[in-house]
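*Asks:* My questions will all concern the structure given below.
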Amino acid sequence: MNKLFLKEELAKITKKFKKDKKIVAMLHGVFDVLHVGHIRYFEDIKKYADKLIISLTDDEFVNKGPGRPLFKINERVEMLSKIDLVDFITISKSETAEKIIKIIKPNIYAKGNDYKNKKSDITKNIYKEINAVKSVGGKFITSNTPMYSSTKIINNDTDYLSDSLKEYLKDIKSEKLKTKFSLFLKNRNNKKILVIGEPIIDIYNYVQIQGKSSKNNILSSKHISTSVYGGGTILVANILKEFSNKIDFVTFENSYNNKYIKKFLDKKKINIKKIFNNNYKYIIKKRFIDKYSKNRLYQINYNDEHSIINNAGSSINDYLLKNHKKYDHVIVFDFGHNLINSQVVKTLNKINKKTFINCQSNSSNFGFNLVNKYSAANTISMDEQEFRLSVQDKNKSVEDLIKSNKNFIKKFKNFIITMGKNGCYHISKSSILFSPTIYSTFKDTTGSGDVFFSIYIALKISKKFTNKEICLICHIAAGLHANKIGNDKISDIRSLYKALDLILK
């Protein structure tokens, strides 16, 4: 018997059952690895209903970290179809059941007993689902059966945590950290924060490779689709707004930039400080990607010299000189496109106690935008290549370079060297901390370093976490970001809690 139906079909079936005075219950979830806990859960809910519908989260909406789900959607449908307790299955194209509840209109929507305390759901999605089932005349119930964790089973079976990560986690008090992080997400800070640096617009052009042109020695391709994302300091501001009530974002206003400001920046949560400059245009990075393999073919940059041409850095410096005293923290993402010029650097060096600086090299400034230009900061961050360029050594180990460049490093209260899949070093007066990375797989690393440092800033400002805890959470955030394409869905920062919970199980 085929148990898989479209949600619209189930809406009609449910309506007929209701007319016949039969009770329909619905469950929603991933159901990745079926176990005895699921069977007992189904049995318990079936006591209250004549028919049981499973709303099954499709693969692309599973937010349990890289490598999940373990079983793909067709395999999970097949497994659930073999269980007699399950009457119908539908596939949900959403992380929550809210939309599907409103379509199917079940009498009962049920969750496991871990949802008895609804406040424990850090995502707040349970409230949306409860409101949805009440809006269609149904009720919400929770199971009384003991909880079994599919994730814990998967973690124990696949053992995806590296030995270095296991060692790192040994002296972290899991429950205490989860409680602290949960409270951190619920209580936004009121520190006044300024974000400056280059906004970047990332354009992904997906193409189908057709082969070499018959008449010319060029690669021919067919355009499939285009996706546009807000990157650079737009990404940074959008992350920080999730943790802070007072974010000021300085940017240049003109007809060219305004369309991106309107599209990518949340004016309700971000206070946009506009400086009129009719000629300064946002940097555009167009990437051409093979739709099938997801391999990047090449990239074209636009407007990356506009800071020099229009002397935009002077305007940023004027704003800093006039306003820096009213900010608790100044966040600087120096992507090396000359917006953070020598004037701005001089001012930042003077107000160093409140600055968090990320300094980057890239293809258009390689070897020229070095961290050495900064003489002090609360925290400065760079990747391994940028660090090696600043100390002029490409061969020694990073640890040896840290030891041999103590005088330079100690100018900064906190000094961070990120090394992608190889982890990161965090150096402060008290210690040299190496933090291993979490995930070994990735789809797109664009913006992952920016996510790492943005989350670091939010956690550091709160003064509630140790450096070890901060680096762990930052690696999780960067890893989750690297397993998505582009800077999409970056505002759902609370999903970080779920990922942290899974790592600490």
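The values are calculated or read from the model by the stated rules, or taken from the named source; none is laboratory data. Keep in mind it's a predicted model, so treat the numbers as computed, not measured. Every residue, glycine among them, receives a Cβ derived from its backbone with ideal geometry; neighbour counts consider all protein chains shown. Side chains are part of the model used for accessible areas, which takes the heavy atoms of the whole protein and leaves out ligands, DNA and RNA. Shrake-Rupley method; radii C 1.70, N 1.55, O 1.52, S 1.80 Å.
*Asks:* When only alpha-carbon atoms count, how far does the stretch 227-371 stretch along each of its three principal axes, as whole angstroms with the largest first?
*Replies:* Projected onto the principal axes, the Cα atoms of the stretch 227-371 cover 51, 37, 29 Å.
*Asks:* Mind computing the radius of gyration and Dmax over the alpha-carbon atoms of the stretch 424-505? Å is fine for both.
*Replies:* For the stretch 424-505, the Cα radius of gyration and maximum Cα-Cα distance read 12.5, 37 Å.
*Asks:* Another question, if that's okay. Tell me the mean residue ellipticity at 222 nm calculated for the chain from its helices only (DSSP H runs of n ≥ 4, each -39500 (n - 2.57), averaged over every residue, nearest 500). Write down the numbers at each step before the final one.
*Replies:* Values: 19 runs with 183 residues, N = 505.
After summing the helix terms and dividing by the residues of the chain, the value is -10500 deg cm²/dmol.
*Asks:* Still on this structure, please answer the following. So what's the projected area for the stretch 330-444, the Cα convex hull averaged over all directions, in nm²?
*Replies:* Numbers: hull surface 30.9 nm².
Directional mean of the projected Cα hull area for the stretch 330-444 stands at 7.7 nm².
*Asks:* Work out from phi, with θ = phi - 60° and the Karplus expression 6.51 cos²θ - 1.76 cosθ + 1.60, the ³J(HN,Hα) of each residue of the stretch 264-269, listed in order in whole Hz, and give x for Gly and Pro.
*Replies:* 10, 10, 8, 5, 6, 10
*Asks:* Mind checking the full-extension length gain between N311 and D20? Use 0.36 nm per residue of separation minus the Cα-Cα distance, one decimal, nm. If you can, show how the numbers build up before the last one.
*Replies:* Values: separation 291, 0.36 × 291 = 104.76 nm, distance 7.44 nm.
Contour length minus the Cα-Cα distance gives 97.3 nm.
*Asks:* Still on this structure, I have one more. Using amide H atoms built in the peptide plane, which far-off residues or other-chain residues are under 5 Å from S221 H to H?
*Replies:* Correct list: Q210.
*Asks:* Kindly flag which residue pairs out of K350/K411; K246/K468; K191/K354; K170/K443; K170/K413; K7/K51 have an alpha-carbon separation exceeding 21 Å in this structure. Don't skip to the answer; put the middle values down first.
*Replies:* Values: K350/K411 13 Å; K246/K468 27 Å; K191/K354 11 Å; K170/K443 29 Å; K170/K413 26 Å; K7/K51 15 Å.
Among K350/K411; K246/K468; K191/K354; K170/K443; K170/K413; K7/K51, the Cα-Cα distance tops 21 Å for K246/K468; K170/K443; K170/K413.
*Asks:* Can you tell me the order of 282-291, 296-305 when each peptide is scored by its average per-residue count of other Cβ atoms within 10 angstrom, highest first?
*Replies:* Numbers: 282-291: 18.8, 296-305: 14.3.
Packing proxy ranking, top to bottom: 282-291, 296-305.
*Asks:* Further question on the same structure: Report the net charge of residues surrounding Q210, where surrounding means a beta-carbon distance below 13 angstrom and charges are Lys +1, Arg +1, Asp -1, Glu -1. Write down the numbers at each step before the final one.
*Replies:* Values: positive: K212, K222, K291; negative: D290.
Cβ neighbours under 13 Å give a net charge of +2.
*Asks:* Which net charge results when you count Lys and Arg as +1 and Asp and Glu as -1 among the other residues whose beta-carbon is under 10 Å from that of E198? It would help to have the intermediate numbers written out before the result.
*Replies:* On the way: positive: none; negative: D304, D334.
Counting the neighbours of E198, the net charge comes to -2.
*Asks:* Summing Lys, Arg as +1 and Asp, Glu as -1, what charge do residues with Cβ under 12 Å from the Cβ of I272 carry, I272 excluded?
*Replies:* Values: positive: K241, K262, K267, K268, K269, K273, K274; negative: D248, E253, D266.
With Lys, Arg at +1 and Asp, Glu at -1, the neighbours total +4.
*Asks:* Hey, with R₀ at 25 Å, roughly what FRET efficiency would V36 and N117 work out to, going by the Cβ-Cβ distance, to 0.05?
*Replies:* On the way: r = 24 Å, r/R0 = 0.94.
Calculated value: 0.60.
*Asks:* Against the globular-protein guess of 2.2 N^0.38 Å, express the Cα radius of gyration of the stretch 1-95 as a ratio, rounded to two decimals.
*Replies:* Numbers: Rg = 13.4 Å, N = 95, 2.2 N^0.38 = 12.4 Å.
Against the compact-globule rule of thumb, the ratio is 1.08.
*Asks:* Would you kindly find the accessible area of K166, with a 1.4 Å probe and non-protein molecules such as ligands, DNA and RNA excluded, rounding to the nearest 10 Å²?
*Replies:* Near enough 80 Å² of accessible area.
*Asks:* So how long is each side of the chain along the principal axes, counting just the alpha-carbon atoms, biggest first, in Å?
*Replies:* If we take the Cα atoms of the chain, the spans are 77, 62, 44 Å.
*Asks:* Here is a follow-up. Using the structure shown, select from K406/K484; K394/K463; K180/K273; K268/K326; K128/K166 the pairs with a Cα to Cα distance greater than 26 angstrom.
*Replies:* Numbers: K406/K484 37 Å; K394/K463 35 Å; K180/K273 33 Å; K268/K326 21 Å; K128/K166 36 Å.
Long pairs (Cα-Cα over 26 Å): K406/K484; K394/K463; K180/K273; K128/K166.
*Asks:* Given axes a ≥ b ≥ c from the Cα gyration tensor, I'd like to know whether the stretch 357-422 is rounded (a/c under 1.5), prolate (a/b larger than b/c) or oblate. Before the final figure, lay out each step's value.
*Replies:* Working: a/c = 1.43, a/b = 1.08, b/c = 1.32.
Taking the square roots of the gyration eigenvalues as a ≥ b ≥ c, the stretch 357-422 is rounded.
*Asks:* Further, regarding this structure: Write down the Kirkwood hydrodynamic radius of the stretch 292-394, to one decimal in angstroms, obtained as one divided by the mean of 1/r over all alpha carbon pairs. All intermediate terms of the calculation are to be shown ahead of the outcome.
*Replies:* Values: mean 1/r = 0.0670 Å⁻¹.
Roughly 14.9 Å, rounded to one decimal.
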